[in-house]
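Notes for the one structure printed next.
The values are calculated or read from the model by the stated rules, or taken from the named source; none is laboratory data. Remember, it's a predicted structure, so these values are computed and weren't measured experimentally. Cβ placement follows ideal geometry from the backbone for every residue including glycine, while neighbour counts extend to all protein chains displayed.
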């Protein structure tokens, strides 16, 4: 399918990544179908999109008219059938291969035959995910960064079967969205998370081994390496469950002990302390400013 024929984009998952992708795509002139099995999550996702558009209006990045037009382009669906007529569907569900595989199997039942499919996975093999669909040649990795409206990068990952037409069409869509593409080979965690998550995991090890406190570790990296956010605060922002999933993909996929997830990270996830989204991780977000939990 040529880029000119891609008018309607479906987004599966109305969480942090999904609503961000829908926001950016709607501003870029695409009609959007935001799909989530949870009607409550759909309401939350639409509220976040409107709030983020309002923020852009206040900062004079866009006008009230542009905001209204973008919102009018977004419709919602609680059933997979709502995506059947989309020209491109971007999956942005939880970072769990079993969940994603079931989504793609269900999606392909009714999706029109010439539609493209992309996954926003941050670590899982594109070749593996594509293999469960009826169109592996039209399947590609399209990994947006969080928060999507602010971050310029999109990693593009071709699976073994991804054809040139699909790659070129998706590359053009990335350009139209005002993003910059970086092309990665289909190896565990791709480029960004192959480099970033081991750093986060090492910071958790530094905490686990008592090398420094949460505050000391984050301050050291912010001021010593000029990072905008410390690695433990970043882990909370990403979600500790997502961090653990990516480290497990690296550890399983590369069989290298340097990627072994820190036991403390595992413990926090088991406790349900997942970071900002659960209100508690390496910081407690029920107070202002957030305070370290360790």
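Do the conditions hold for residue 95, that is, is it out of contact with any strand residue (DSSP E or B) (no Cβ under 8 Å at 6 or more places or on another chain), in the same structural domain as residue 148 (by TED's automatic domain parsing), touching a residue at least 12 places away in the same chain (Cβ under 8 Å) and outside any helix (DSSP H, G or I)?
Details: out of contact with any strand residue (DSSP E or B) (no Cβ under 8 Å at 6 or more places or on another chain): yes; in the same structural domain as residue 148 (by TED's automatic domain parsing): yes; touching a residue at least 12 places away in the same chain (Cβ under 8 Å): yes; outside any helix (DSSP H, G or I): yes.
Taking the combined requirement at face value, the residue satisfies it.
List the pairs whose first member sits in the range 169-180 and is closer than 9 Å to residue 28 by Cα, whose second member is outside any loop (DSSP other than H, G, I, E, B), and whose Cβ atoms are under 6 Å apart, counting only residues at least 6 apart or on separate chains?
177/24
If you check residue 178 against the conditions, is it within 18 Å of the chain's Cα centre (by Cα), surrounded by 16 or more Cβ atoms within 10 Å (Cβ to Cβ) and on the phi > 0 side of the Ramachandran plot? Full working, then the answer.
Working: within 18 Å of the chain's Cα centre (by Cα): yes; surrounded by 16 or more Cβ atoms within 10 Å (Cβ to Cβ): no; on the phi > 0 side of the Ramachandran plot: yes.
No: the conditions fail for residue 178.
Residue 57 versus (1) touching a residue at least 40 places away in the same chain (Cβ under 8 Å); (2) farther than 19 Å from residue 8 by Cβ; (3) part of a helix (DSSP H, G or I): which is the lone unmet condition?
Exception for residue 57: condition (1).
When you check residue 267 against the structure, is it in a helix (DSSP H, G or I) and within 30 Å of residue 142 (Cα to Cα), yes or no?
Criteria not met by residue 267.
Could you run through the range 150-184 and say how many residues are in a loop (DSSP other than H, G, I, E, B), in contact with a strand residue (DSSP E or B) (Cβ under 6 Å, 6 or more places away or on another chain) and farther than 17 Å from residue 139 by Cβ?
2
Tell me the residue from 201, 193 that is touching a residue at least 40 places away in the same chain (Cβ under 8 Å) and closer than 22 Å to residue 140 by Cβ, please.
Working: 201 fails: closer than 22 Å to residue 140 by Cβ.
Just one listed residue meets the conditions, 193.
Considering only residues that are touching a helix residue (DSSP H, G or I) at 6+ places or on another chain (Cβ under 6 Å) and either without any contact (Cβ under 8 Å) to a residue 12 or more places away in the chain or farther than 23 Å from residue 124 by Cα (or both), which ones fall in the range 237-259?
251
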